[in-house]
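Taking it in order: structure first as structure tokens, then the write-up.
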Amino acid sequence: FIKQPIGDMNQQGTAENTAYSNTPVASEANQIVNPDFQNTPDNGAPEGWTSDGSLGASLARVQLKSSTTELSAYPDGTKALQIRFDGSYTWFSNVVTLKADTWYEYAFDLITWGNNESKTLGLSITTQAAGAGEVLFTQQLTTTSVRATGQRNVIRFKTTSAGTYYINYIKNGTLASMAGLTDLCMVEYPLNGILVGKNYTEGTAGINIRYI
């Protein structure tokens, strides 16, 4: 077995607070095409994305930091996809090709856009766009309450067969306006080990593994 350090756990002891891999988005291990939207022009429609509303121009689109105040916390040159759930928009899906019977970790920045309010939306991993088909993972996301602030989110799921999957952002919560996405990273997650730790924040735990 390979010894691998893990991040601090949540209070329930069920998940790490930070990504297992912290893989750079530019890494060849990242399965997401154009993960930081650098290949998409300012106000353009991102490659690999679909929605029930139009993408690009003055609608849901990729924006450069210099074109918006919503990316003020990010370095110059940063680009993000502005998703929106006003008008006819109810979902955004990003296509990805994955292996069979494999655990993956998906990490991304979710940016509060336009208002100093915390809002919710849905995230799912499915075999069809818009959250349709077989559902591998589903979770409710919450934006921060501070405008122009990004929060790193990390999820893990296991595929069933090799092929095309969709990462879906769904209008099923309180978000009825806009949010931003950037620095998307999908990597294989090596879950062939034993996770040992403690599910409380104070003190230490003396743990010895004598035999496997």
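Other residues whose C-beta falls under 9 angstrom from the C-beta of residue 188 contribute a net charge of 0, scoring Lys and Arg +1 and Asp and Glu -1.
Computed from label points 7 Å out along Cα-Cβ, the spacing between residue 97 and residue 161 is 1.7 nm. Highest average first, the peptides 64-75, 174-185, 36-47 ordered by how many other beta carbon atoms sit within 10 Å of their residues are 174-185, 36-47, 64-75.
State the answer as a single residue: which of 127, 37, 82 lies farthest towards the positive end of the charge dipole of the chain, with beta carbon charges of +1 for Lys and Arg and -1 for Asp and Glu, about the Cα centre. Result: 127. Counting only Cβ charges, +1 for Lys and Arg and -1 for Asp and Glu, the dipole size of the chain around its Cα centre is about 300 debye. Using a 1.4 angstrom probe on heavy atoms only, work out the carbon and sulfur share of the accessible area of region 74-171 in %. So the carbon and sulfur contribution to the accessible surface is 47 percent.
Which of the trypsin sites (Lys or Arg not before Pro) found in region 104-212 are in a DSSP loop and have at most 14 neighbouring Cβ atoms, other than their own, within 10 Å?
Taking region 104-212 and a limit of 14 other Cβ atoms within 10 Å, the loop trypsin sites (Lys or Arg not before Pro) found are 198, 210.
Taken along the Cα-to-beta-carbon direction at a fixed 7 Å, the label points for residue 139 and residue 151 span 1.2 nm.
Positive contributions from Lys and Arg (+1) and negative ones from Asp and Glu (-1), summed over other residues with Cβ under 13 Å from the Cβ of residue 78, come out at -4. Percent antiparallel among DSSP beta bridges with both residues in region 42-159, to the nearest 5? Antiparallel: roughly 95 percent of the beta bridges in region 42-159. Taking other residues whose beta carbon is less than 12 angstrom from the beta carbon of residue 108, and scoring Lys, Arg as +1 and Asp, Glu as -1, yields -3.
This model, with +1 at the C-beta of Lys and Arg and -1 at the C-beta of Asp and Glu, gives region 94-169 a dipole about its Cα centre of some 100 debye.
The values are calculated or read from the model by the stated rules, or taken from the named source; none is laboratory data. Nothing here was measured: the structure is a model prediction, and the numbers come from that model. Please note: Cβ atoms are built from the backbone with ideal geometry, for glycine as well, and neighbour counts cover all protein chains shown. The accessibility values were calculated without ligands, DNA or RNA, using every heavy atom of the protein model including side chains. Shrake-Rupley method; radii C 1.70, N 1.55, O 1.52, S 1.80 Å.
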